[in-house]
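A.B. asks: Take this structure first; my questions come after.
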Amino acid sequence: MSLSNRNVRVMAVALLASVLPLAAFAQARPPLSAADVADIVTLEKIEDRRNYDTAALQRIATAPHPELRRRAVLAIARLYDWRGRDLLKSMRAETDTAVLATVVWATGQLVDTSAVEWIDSLLRDENTPTGVATEAAGAFGKIRTSDTRLRLALYLNDAVPGPKSAPAVAEALLSIGRHRDRGDITSIARWAASPDDELRWRAAWALFRPRDPLAIPELLQLSKDPSPEVRFWAVRGLTGPRADSSGVGAAVAQQAIMEALGSDDRRVQVEAVRALGSHADGVSLVQLILLLEAEDPWIATMAAEAIGSRGDNARAAIAQLGQATGADHPAWVRAAALTALADVWLSAAQQPAIAMAKDTSLTVRTSAVGVLARLKVGGRAGLAALRNDADRAVRTAAHAAWIALADTIENPVVRRAARKAAFASRDVAVRAGAARSMADWAEPSDIPMLLDAFAVALKDSAVIAQDAVIEALAEIESRGGTAAAALFAKYPTAPSDIVYNAAGRAFGPKTLAAWGRGRPVRSRRTDADYQRIVEALIVPAYNGAPAPTLRWTTTRGDLDTELNTLDTPLASDYLMQLTAKGAMQRIRFDRVVPNFVAQQREVLIDEPLQRDEVSRGRLLRGNLSWGTNIGNAPRFPGQRGPGAAYDTGPAVYTFGVTPQPHNEGDFAALGRIIKGMDVVEKLELGDYLKSVRLLKPSEK
């Protein structure tokens with residue numbers, strides 16, 4: 001399976017072209033007329049209000065202009081309505097390649113198992129256009145059955161290496177890795193020897209993702225690959241339990257991990273630390289203890305987390321973890337060390353946590369309140385200080401733990417009196433804490449008190465108390481109570497779209513039965529707004545105009561992102577409007593995962609809703625997305641709840657450090673980082689976004 005260097009370059013170009021936004025090829029497309037623009041306005045309104053308008057969709061899906069047909073297909077996929085399957089089926093004879101590829105992609109989004117044979121025929125036919133074949137491979141990563149996994153394996157086994165097949169092979173490798181069930185890996189391992197880095201890293205990901213011990217020998221080989229993109233995925237898969245089960249043995253995997261720790265690539269080092277945490281021997285623990293003092297916060301925080309994951313088997317690290325909580329260490333490392341110390345030996349974390357409750361760093365105080373809550377009465381002194389914390393999230397957690405101290409007195413009257421008093425507070429954090437603190441034990445008799453608290457929470461500008469009450473009601477429901485019926489009886493219709501979505505995640509099908517599909521969605525956008533969005537964002541992008549560029553100024557420096565206004569116009573406009581209002585200022589990075597993501601806290605404004613606009617855009621390194629998905633409900637595994645293709649709350653913008661194949665189809669590829677990726681990799685938990693501004697053409 002050898003290819004010349006020229007063919008490898010051609011393969012890379014073909015792979016890029018298969019997923020580029022259509023605006024890159026605008027010069028070859030027909031112009032949009034005024035009538036076409038009007039139809040796009042109709043589609044945007046349908047999408048924004050989540051209103052499945054059969055007549056309009058059918059009409060536009062058969063329009064003469066290919067861009068109208070493509071956008072109709074995008075809308076069908078995003079509406080996530082089963083009626084869309086039949087409309088997509090009627091478009092399988094589409095002659096425009098870009099439209100047909102979008103039809104295939106949308107069929108996967110709607111998880112149409114009846115389309116498997118058709119999709120497979122496209123994947124296997126060597127005459128299928130590259131973009132269409134690529135989407136066929138991707139669809140089998142969303143329609144996850146034993147049959148589609150087998151079809152992917154057969155394709156990967158039979159595909160002839162070359163520039164034409166590379167994009168589809170690349171997507172097939174990611175799709176087979178998304179399947180949770182294990183199967184024969186020889187078809188994946190075949191591509192681990194490809195001369196193309198893009199195929200090898202995908203093969204490494206596909207081998208590591210199912211956690212199959214049989215993949216360990218292949219991953220060991222790939223851990224020595226010349227490409228760091230390949231190595232870090234391979235090293236991540238060298239976990240202790242799977243190495244032990246593989247027949248290779250944990251010692252061999254551990255040796256490869258130790259070699260990876262000496263890599264000159266930071267990502268490889270981080271994954272080596274992450275993998276080392278899964279090895280239970282003393283040598284690994286000693287190495288992790290030494291890494292607590294690493295200068296790189298990615299390495300030090302991962303070492304702390306890895307130690308903490310061992311629980312009391314890591315008691316030898318107690319002293320060093322205690323030292324790492326000291327003020328001479330970075331805040332992120334201190335927070336991680338404190339949490340790990342509590343995981344290893346809770347009582348040893350008491351004094352550090354009480355002291356850290358008064359720290360000036362929010363990152364440190366956030367870790368402290370979590371540990372103090374676990375200490376219960378032992379954390380009382382620290383919780384007392386944090387009850388008045390300036391940060392609402394910390395204050396909520398502190399009040400939840402403080403109120404729960406009443407539970408140490410085994411008197412139900414006392415515990416309920418504590419909650420009743422807290423629910424009378426004007427501070428939303430206190431009320432949210434009260435609801436959160438009773439979720440584990442609340443009974444049907446508590447439903448009236450919770451519903452009264454919910455009525456008050458509906459008047460809040462923040463939604464934390466609403467969410468906390470609904471979660472408490474959901475816990476009662478899960479224990480056989482009648483909380484859902486009581487909520488729906490008091491509120492025959494959803495009080496807001498946010499409440500509908502929260503109830504959908506909490507009660508699943510019962511929300512559908514009581515409140516229906518919750519569509520059309522209420523929107524503050526007017527017809528003039530839709531017209532403006534189409535004319536200012538979609539039409540210029542279609543005609544090949546440069547994408548809007550935003551400059552994000554952080555505490556670590558500046559970075560620039562281009563927005564995908566052609567396929568995510570509503571979300572792009574939303575972000576640009578936030579920027580114009582000055583809302584994108586002083587926002588904390590609340591979630592930073594080494595070699596994964598840097599995610600901001602939600603943007604709090606009057607209308608905290610962002611639209612899901614999943615598209616064919618891939619979640620690659622440097623992706624700008626936002627932290628929600630199309631409605632998967634944790635309480636209902638494998639089901640997309642009533643919130644599917646629905647607003648899911650405040651905008652939470654996320655920078656992707658690595659590709660995220662496991663999230664394909666669930667997150668919107670809003671844009672990409674074009675400058676400043678090094679800044680993203682410097683971000684630490686607790687850093688801030690200072691401001692965002694739209695660059696002028698002369699500044700780009």
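A.B. asks: Being surrounded by fewer than 18 Cβ atoms within 10 Å (Cβ to Cβ), at negative phi and assigned to a loop (DSSP other than H, G, I, E, B) is the filter here, so list the residues in segment 572-600 that pass it.
C.D. replies: Scanning segment 572-600 gives Ala583, Gln585, Phe596.
A.B. asks: Test Thr102 against the stated conditions and say whether it is of a type in the set (Val, Ile, Thr) and touching a Gly at 6+ places or on another chain (Cβ under 7 Å).
C.D. replies: Taking the combined requirement at face value, the residue does not satisfy it.
A.B. asks: Considering only segment 649-700, state which residues are over 12 Å from the mean Cα position of the chain (by Cα), crowded, with 16+ Cβ neighbours inside 10 Å and acidic (Asp, Glu).
C.D. replies: If the condition is that a residue be over 12 Å from the mean Cα position of the chain (by Cα), crowded, with 16+ Cβ neighbours inside 10 Å and acidic (Asp, Glu), then Glu681, Glu684, Asp687 are the ones that fit.
A.B. asks: Return the residue satisfying two criteria in turn: it lies in segment 510-523 and is at pLDDT 85 or above and of a type outside the set (A, V, I, L, M, F, W, C), and of such residues it is surrounded by the most Cβ atoms within 10 Å (Cβ to Cβ).
C.D. replies: Thr511
A.B. asks: Enumerate the pairs (first residue in segment 421-436 and over 21 Å from Glu475 (Cα atoms); second residue anywhere and polar (S, T, N, Q) and in a helix (DSSP H, G or I)) with beta-carbon separation below 6 Å, excluding pairs fewer than 6 apart on the same chain, so at least 6 apart or on different chains.
C.D. replies: Taking only residues 6 or more apart or on different chains, not a single pair turns up.
A.B. asks: Going through segment 559-575 one residue at a time, which ones are modelled with pLDDT of 95 or more and closer than 28 Å to Arg392 by Cα?
C.D. replies: If the condition is that a residue be modelled with pLDDT of 95 or more and closer than 28 Å to Arg392 by Cα, then no residue fits.
A.B. asks: Hey, does segment 523-537 have a residue that's touching a residue at least 24 places away in the same chain (Cβ under 8 Å), of a type in the set (Lys, Arg) and more than 30 Å from Leu566 (Cβ to Cβ)?
C.D. replies: Checked against the condition, which is being touching a residue at least 24 places away in the same chain (Cβ under 8 Å), of a type in the set (Lys, Arg) and more than 30 Å from Leu566 (Cβ to Cβ), segment 523-537 yields no hits at all.
A.B. asks: So, one more: Please give the number of the condition Val614 fails out of (1) β-branched (Val, Ile, Thr); (2) crowded, with 23+ Cβ neighbours inside 10 Å; (3) modelled with pLDDT of 95 or more.
C.D. replies: Every listed condition holds for Val614 apart from (3).
A.B. asks: Could you check segment 525-540 and list, in sequence order, the residues that are within 13 Å of Gln577 (Cα to Cα) and of a type in the set (Val, Ile, Thr)?
C.D. replies: Ile533
A.B. asks: Quick one: Arg693 ticks every box in (1) out of contact with any Pro (no Cβ under 9 Å at 6 or more places or on another chain); (2) in a loop (DSSP other than H, G, I, E, B); (3) of a type in the set (D, E, K, R) except a single one, so which number is it?
C.D. replies: Of everything listed in (1) out of contact with any Pro (no Cβ under 9 Å at 6 or more places or on another chain); (2) in a loop (DSSP other than H, G, I, E, B); (3) of a type in the set (D, E, K, R), Arg693 misses just condition (2).
A.B. asks: Condition first: farther than 21 Å from Val132 by Cβ and not in a loop (DSSP other than H, G, I, E, B). Now tell me which residues in segment 162-190 satisfy that.
C.D. replies: Gly177, Thr186, Ser187, Ile188, Ala189, Arg190
A.B. asks: Still on this structure, please answer the following. I'd like to check which helices (runs of 4 or more DSSP H) are fully inside segment 298-357 and have at least 1 residues that are closer than 29 Å to Asp265 by Cβ.
C.D. replies: So the answer is 318-324, 331-344.
A.B. asks: Which number in (1) surrounded by fewer than 23 Cβ atoms within 10 Å (Cβ to Cβ); (2) under 12 Å from Ala137 (Cβ atoms); (3) touching a residue at least 60 places away in the same chain (Cβ under 8 Å); (4) not acidic (Asp, Glu) marks the one condition that Ser165 misses?
C.D. replies: (3)
A.B. asks: Right, another one. Can you tell me which residues in segment 303-325 are over 13 Å from Asp343 (Cα atoms) and polar (S, T, N, Q)?
C.D. replies: Gln320, Gln323, Thr325
A.B. asks: Looking at (1) over 19 Å from Ala486 (Cβ atoms); (2) of a type in the set (A, V, I, L, M); (3) not in a helix (DSSP H, G or I), which is the one condition that is false for Ile403?
C.D. replies: In the conditions (1) over 19 Å from Ala486 (Cβ atoms); (2) of a type in the set (A, V, I, L, M); (3) not in a helix (DSSP H, G or I), Ile403 misses (3) alone.
A.B. asks: Would you check which residues across segment 191-204 are outside any loop (DSSP other than H, G, I, E, B) and over 17 Å from Tyr155 (Cβ atoms) and list them?
C.D. replies: Ala193, Asp197, Glu198, Arg200, Trp201, Ala204
A.B. asks: Can you tell me which of (1) within 28 Å of Asp48 (Cα to Cα); (2) modelled with pLDDT under 95; (3) not in a helix (DSSP H, G or I) is the one Glu126 doesn't meet?
C.D. replies: The one condition Glu126 does not meet is (1).
A.B. asks: Okay, moving on. Pick out the one residue from Asp359, Asp343 that is closer than 27 Å to Gln287 by Cα and outside the structural domain of Asp590 (by TED's automatic domain parsing).
C.D. replies: Just one listed residue meets the conditions, Asp343.
A.B. asks: Of everything in segment 248-265, what is without any contact (Cβ under 8 Å) to a residue 24 or more places away in the chain and farther than 19 Å from Leu288 by Cβ? Give them in sequence order.
C.D. replies: Matches in segment 248-265: Gly249, Asp264.
A.B. asks: Looking at Ala106, Ala98, which is the one that is crowded, with 24+ Cβ neighbours inside 10 Å and in contact (Cβ under 8 Å) with a residue 12 or more places away in the chain?
C.D. replies: Ala106
A.B. asks: With respect to Arg635, determine if the residue is surrounded by fewer than 22 Cβ atoms within 10 Å (Cβ to Cβ), modelled with pLDDT of 85 or more and assigned by TED's automatic domain parsing to the domain that holds Thr565.
C.D. replies: In short, no.
A.B. asks: Among the residues of segment 129-161, how many are closer than 24 Å to Pro195 by Cβ and not in a loop (DSSP other than H, G, I, E, B)?
C.D. replies: 13
The values are calculated or read from the model by the stated rules, or taken from the named source; none is laboratory data. Everything numeric in this text was worked out from a predicted model, so none of it was measured. Glycine also receives a Cβ, built like all others from the backbone with ideal geometry; neighbour counts cover every protein chain displayed.
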